[in-house]
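Peer 1: What follows is a single structure, and I will ask about it in a moment.
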Amino acid sequence: MCYPRGMNLWLDDLRTPPHGWTWIRSVAEAQRVLLAGEVEHASLDHDLGHGCEGGCWDDSGDVTVQRCGKACACGCHATGYDLTKWMAETGIWPRLSCRVHSANPAGALSMQATINRYAPY
């Protein structure tokens, strides 16, 4: 998939992004985009992978027919917190900003704490 230069990354499995943001539904896809170095801003949700109700997501975001009960290695259970930890470990961040839009208070707090401590802004 081709992503625009200077993109705004919206990581969320359910909520559609605001105008001007590219919708990314999985941590694996977000990591690929961040590695390409095209992300300027990111807005992250914590709880991802709700697609498992009807099957697991593979790395491309396509839903497969199996149900896993969260015991698989499909990658659809990774959270926004997993992504912020990965960014802290690798030093790969959006160029200008990273924010949290999660409705999960504990998850959002953990993510924001990681961003505040390790992000280069």
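Peer 1: Which one of these does C52 not meet: (1) of a type outside the set (A, V, I, L, M); (2) part of a helix (DSSP H, G or I); (3) modelled with pLDDT of 95 or more?
Peer 2: Tallying (1) of a type outside the set (A, V, I, L, M); (2) part of a helix (DSSP H, G or I); (3) modelled with pLDDT of 95 or more, C52 fails exactly one: (3).
Peer 1: Being under 16 Å from the mean Cα position of the chain (by Cα), assigned to a loop (DSSP other than H, G, I, E, B), of a type outside the set (S, T, N, Q) and within 20 Å of N8 (Cα to Cα) narrows it down to one of W93, W86, so name that one.
Peer 2: Answer to the selection: W93.
Peer 1: Let me ask something else. Only one residue in A71, A36 is of a type in the set (G, A, S) and at pLDDT 90 or above, so which one is that? Write out each step before concluding.
Peer 2: Details: A71 fails: at pLDDT 90 or above.
Exactly one of A71, A36 is of a type in the set (G, A, S) and at pLDDT 90 or above, namely A36.
Peer 1: Could you tell me how many of the residues in segment 4-28 are under 17 Å from I92 (Cα atoms) and open to solvent by 20 Å² or more (accessible area, probe 1.4 Å)?
Peer 2: Of the residues in segment 4-28, 5 are under 17 Å from I92 (Cα atoms) and open to solvent by 20 Å² or more (accessible area, probe 1.4 Å).
The values are calculated or read from the model by the stated rules, or taken from the named source; none is laboratory data. Everything numeric in this text was worked out from a predicted model, so none of it was measured. For the accessible areas, the whole protein counts, side chains as well, though only heavy atoms, and no ligand, DNA or RNA atoms are used. Shrake-Rupley method; radii C 1.70, N 1.55, O 1.52, S 1.80 Å.
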